[in-house]
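Written below as structure tokens is the structure these notes are about.
The values are calculated or read from the model by the stated rules, or taken from the named source; none is laboratory data. Remember, predicted model here, so these are calculated numbers, not experimental data. All Cβ positions, glycine included, derive from the backbone under ideal geometry; neighbour counts span all protein chains shown. The area values use the complete protein model at the heavy-atom level, side chains included, leaving out ligands, DNA and RNA. Shrake-Rupley method; radii C 1.70, N 1.55, O 1.52, S 1.80 Å.
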Amino acid sequence: MLRHLRTTVRHRSTIILWHHHNHYHRSAKYNPPKTANPPSPPKPPKAPQKPQTFTFHDVTWEDPYSWMSSLQDKVAMRHMDMYMEQEEKYTEAVMSDTERLQTKLQSEMASRLNFDLSTPPLRWGPWLYYRRVEEGKQYPVLCRRLASLNEEFISHKSPSSGFDFTSGKRIEQKLLDYNQEAERFGGYAYEELSEISPDHKFLAYTMYDKDNDYFKLSVRNLNSGALCSKPHANRVSNLAWVKDGQALLYVVTDENKRPYRIYCSMIGSTDEDVLLLEEQDENVYVNIRHTKDFHFVTVNTFSPTLSKVFLINAADPFSGMNLVWESEGIVHCVLEHHQGYLYLFTDAPKDGQIIDSHYLLRSPVDSSSNPRIWENVFIGDQNLVIEDVDFCNSHLVLITREGRKYGICSVALPLPGWKQAVHLRELQPHFLPLPKHVCNISPGPNYDYYSKTMRFTISSPVMPDAVVDYDLSNGKWNIVQQQNMLHERTRILYGTALSSAIAEKTTNVRFSSMNDVKSEDRNLWNDLSEFYACEHHDVSSYDGAMVPLTIVYSRKNRKDNQSPGLLHGHGAYGEILDKRWRSELKSLLDRSWIVAYADVRGGGGGGGKKWHHDGRRTKKQNSIKDFISCAKYLVEKEIVQENKLAGWGYSVGGLLVASAINCCPDLFRAAVLKVPFLDATNTLLYPILPLTAADYEEFGYPGDIDEFHAIRKFSPYDNIQKDALYPAVLVSSSFKTRFGVWEAAKWVARVREQTIYDPKHPILLNLTIDIVEENRYLQCKESALETAFLLKTVDS
């Protein structure tokens, strides 16, 4: 339960400030200083070459660095260790003149961190669930309180807050102390799944076992605090409670991390867990989730050729699985139940035609037709796209998008019993207030199916994420958590005593239509648009496609025609580019940088499935050319000064930026690639880490000769320009990433080998330790290094 309470154990690190002391020697006679020759720049390490020839289809190629991925070759791995040590020393040497700058940047970024890691209480039934960090402890504690004892509760840090002196009852109950979990798992604790039973008696959760590289399932009795004797399973990927909390369904993966078996475990029973499903086909993946009313568990199976949804009666999980829906290919589908109707939210093709956006279907649970008949709920509206849906007992909530404008609207349930689809406006939707420049809206856990209050996280490029509770019965809203960048603090509201004063000011907004919703006072939203501007541009790509480009800059510090710029890109899996406000970027914005985001084809920011499909597989070049078009636009329109543009890409975004550099190395002055996907040909042909069907659907199946040639064409490692001057590049990776460190190391080695060497354009490999993603202070250190690299190579 409570995905927002998903716990990442944070290892606190010490920020070391290096003080440089200058020693002055007095002398009676003045001697003019001698002119010293500047030290020669450090020389980059040269990786050993061990050429190996590969042939596939009609192509033969040579790879001199394939040995770097020979994980089973102990000699090769010893060479890799030595080479990585050389790379580490080289990066330190090149960046040694930025030590003071890095310290300053790290201090800036650390000062903006939210030091209170507590989560706002989430109400479910009679309980308020939350997570907090005890002073002096490394890891959080999952807690709950009875809501009836919480009305005047203000601070969970006060010692008296844990006891109600009027009733003589202890208010807070500790459910799970992750400090103790860390002791169970060798000092490292990372939780992926956490599900509380609907009767609030048990907690099922999975912790990462780093020695075995899998997630281990445990169930804890919340009354006694003791671990249950069973189930204890390894390699668990999904959980769902059934029988009102008396039994647990869970999915396990095979050795290749493919979810393929579903088990049912009766809590408190000594009987063996029952195998409900085993999927033998290696191309089929299995996923489960319970409906929000806990009446059913949905079983999704999907492969490159077919997607299916089955239904399990939660009251009788051994009664079998009923097929309720299927579609060709891999499609997104989420099934919900509400008062006798099944609702299906999907982007599956209709009548063999690809649909550009999601739509909502419904069908009676007790339908006797075979195959089941599904009715459209809404008539399609090209201007208003439904991005996501959420249900409670009284309302259906839709996250909508009209062009670039996001909205949240609620519709009263149950829906009329019409047989035909209707226009959304006929159901009198009520649109809820939002701030300016919203770039994403994420539903919260919203586990209390019978509550009329629903929680959402609102994101903007010029506003820290706001966790907002909306009362669907009257349209009132309340920000329950948001960092205030102006006062360097975070607001978390607990109980009525603290929130009532703010609520009077912030909740008097009533329902309105989408066109009438006006942005609220930016002070209520902690909006930073008074200090940082957000602009939206449309950039014409090489083929006339209009690419959305978002630009953020400091109103005070921007320099006309002289500002450096950082262009972000991703462009894969139909995912929306992350344009949220990130406090570490404030260090660049306040130094007159422009921060830009290109929603290239292949991602989700351009709108619809067609935008995604036009940038994947054989059309991947569209993504790269879109990114180049946006980069040229920034320079040609003098938004960014010529020769002062840098690129930034994470994971598959690294492929995008590296490919753009291959095409136009002189367009960029620098780039930062984080855990990048760089060796597409070898990764897709000879995967070392398991790949999914979605990965091949995205980048192509090498077995298809046309798709193989397309992969060869966009693979950054295979298309480095010989004898060209490349920009300065910082590549960060680690040994425990989805795209292994060998991809980064091979690309760095080949770029150095084939391009012109210039010490002012260093190609650096930065190895991060495995826990950086889970440690905010180490993240600050890494962000400070990246920012210092950009300032050194672009702004100097």
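What list of ³J(HN,Hα) values in whole Hz, one per residue of the range 456-467 in order, does the Karplus curve 6.51 cos²θ - 1.76 cosθ + 1.60 (θ = phi - 60°) give from phi, with Gly and Pro shown as x?
9, 9, 9, 10, 8, x, 10, 7, x, 3, 10, 8
What distance in nm separates the two pseudo spin-label positions at L524 and E402, each 7 Å out from Cα along the beta-carbon direction?
2.0
Name the residues whose placed amide hydrogens come within less than 5 Å of the amide hydrogen of L176, ignoring near sequence neighbours (fewer than 5 apart) on the same chain.
L142
Hey, if we sort E698, E135 by accessible area with the 1.4 Å probe, largest down, what's the order?
Accessible-area ranking of E698, E135, largest first: E135, E698.
What is the spin-label model distance, in nm, from A226 to L323 if the labels are put 7 Å beyond Cα along the C-beta direction?
A separation of 4.6 nm, rounded to one decimal place.
Given a 1.4 Å probe, how much area per residue of the chain is accessible, in Å²?
About 45 Å² of surface per residue is accessible.
Would you mind checking the pairs K579/K625; K257/K586; K559/K620 and listing those with alpha carbons more than 30 angstrom apart?
Where the Cα-Cα span goes over 30 Å, the pairs concerned are K257/K586; K559/K620.
So what is Rg over Rh here for the range 296-386, counting just Cα atoms and using Kirkwood for Rh?
0.97
Express the relative contact order of the range 618-727 as a whole percentage, based on alpha carbon pairs under 8 Å and six or more residues apart in sequence. Can you show the working numbers first?
Values: 147 pairs, mean separation 33.8, N = 110.
Relative contact order comes out at 31 percent.
If you plug each phi of the range 547-555 into the Karplus form 6.51 cos²θ - 1.76 cosθ + 1.60 with θ = phi - 60°, what whole-Hz ³J(HN,Hα) values come out, in order, with x for Gly and Pro?
9, x, 10, 10, 10, 10, 7, 7, 5
Pull out a ≥ b ≥ c, the square roots of the eigenvalues of the alpha-carbon gyration tensor of the range 552-634, then state rounded if a/c is under 1.5, prolate if not and a/b is larger than b/c, and oblate in the remaining case.
prolate
If the limit is 20 Å between Cα atoms, which of K292/K436; K308/K350; K632/K781; K43/K644 go over it?
Pairs exceeding the cut-off: K292/K436; K632/K781; K43/K644.
For K792, list the aspartates and glutamates whose Cα falls under 20 Å from its own Cα; do not include residues on the same chain fewer than 8 positions away.
E87, E88, E92, D97, E99, E108, E584, D590, E642, D666, D758, E782
Once you have the Cα-Cα distance between R580 and E183, take 0.36 nm times their residue separation minus that, and quote the gain in nm to one decimal.
Stretched fully, the R580-E183 segment lengthens by 139.4 nm.
For T53, what accessible surface area do you get with a 1.4 Å probe? Give it in Å², rounded to 10.
90
Starting with the highest mean, order 221-229, 673-681, 781-789 by the number of other Cβ atoms within 10 Å, averaged over the residues of each peptide.
Ranking the peptides 221-229, 673-681, 781-789 by packing returns 673-681, 781-789, 221-229.
Charges at C-beta only: +1 for Lys and Arg, -1 for Asp and Glu. How large is the resulting dipole of the range 33-145 about its Cα centre, in Debye rounded to 20?
680
Toward the positive end of the charge dipole of the chain, about the Cα centre and with charges on Cβ (Lys, Arg +1; Asp, Glu -1), which of Q428, L342, S651 goes farthest?
Selected residue: S651.
Within 11 Å, Cβ to Cβ, of Y696, how many net charges do the neighbouring residues add up to if Lys/Arg are +1 and Asp/Glu are -1?
Details: positive: R616, R617; negative: D695, E697, E698, D704, E707.
The answer is -3.
If all Cα-Cα distances of the chain are sorted into 10 Å bins from 0 onward, what percent lands in each bin, rounded to whole numbers?
All Cα pairs considered, the percentages come to 2, 12, 21, 26, 22, 12, 4, 1, 0, 0, 0.
Checking the a/c ratio against 1.5 first, then a/b against b/c, what shape does the Cα gyration tensor give for the range 181-314?
Note, shape of the range 181-314 comes out oblate.
In nanometres, what is the gap between the two model label sites at V422 and V59, each 7 Å from Cα along Cα-to-Cβ?
Result: 5.4 nm between the two label points.
Using a 1.4 angstrom probe and counting only protein chains, how large is the accessible area of H57 in Å², to 10?
80
Cβ neighbours within 10 Å, averaged per peptide: list 278-286, 726-734 in order, most packed at the top. Provide the component values of the computation, followed by the final result.
Numbers: 278-286: 15.1, 726-734: 23.8.
In decreasing order of mean packing, 278-286, 726-734 become 726-734, 278-286.
Calculate the FRET efficiency for K559 and K452 from the Cβ-Cβ distance with a Förster distance of 51 Å, rounded to the nearest 0.05.
0.55
At a 1.4 Å probe radius, carbon and sulfur cover how many percent of the accessible area of the chain?
Working: 17310 of 36000 Å².
Its accessible area is 48 percent carbon and sulfur atoms.
Compute the FRET efficiency between D97 and E278 as 1/(1 + (r/R0)^6), taking r as their Cβ-Cβ distance and R0 = 45 Å, and round to the nearest 0.05.
It comes to 0.15.
Which FRET efficiency value, to the nearest 0.05, do you get for S107 and D81 by plugging their Cβ-Cβ distance into 1/(1 + (r/R0)^6) with R0 = 30 Å? Walk me through the intermediate numbers first.
Values: r = 33 Å, r/R0 = 1.10.
Computed FRET efficiency for S107 and D81: 0.35.
Would you kindly state how much longer the chain becomes between N234 and M546 on full extension, computed as 0.36 nm times their sequence separation minus their alpha carbon distance, in nm to one decimal?
Numbers: separation 312, 0.36 × 312 = 112.32 nm, distance 4.76 nm.
Here the answer is 107.6 nm.
Excluding residues on the same chain fewer than 8 positions from K74, give the lysines whose Cα lies under 19 Å from its Cα.
Of all the lysines, those that pass the test against K74 - Cα under 19 Å, at least 8 places apart if same chain - are K50, K736, K746.
In terms of the Cα gyration tensor, with a ≥ b ≥ c the square roots of its eigenvalues, is the range 593-728 rounded because a/c is under 1.5, prolate because a/b exceeds b/c, or oblate?
Since a/c reaches 1.5 and a/b is larger than b/c, the shape of the range 593-728 is classed as prolate.
Within 15 Å, Cβ to Cβ, of S66, how many net charges do the neighbouring residues add up to if Lys/Arg are +1 and Asp/Glu are -1?
Here the count lands on -4.
Using +1 at the Cβ of each Lys and Arg and -1 at the Cβ of each Asp and Glu in the chain, identify which of A189, L217, F294 lies farthest towards the dipole's positive end.
A189
Any idea what the dipole of the chain comes to, in debye rounded to 20, about its Cα centre with Lys/Arg Cβ at +1 and Asp/Glu Cβ at -1?
Working: 92 positive and 99 negative charges, 514 e Å.
Dipole about the Cα centre, nearest 20: 2460 debye.
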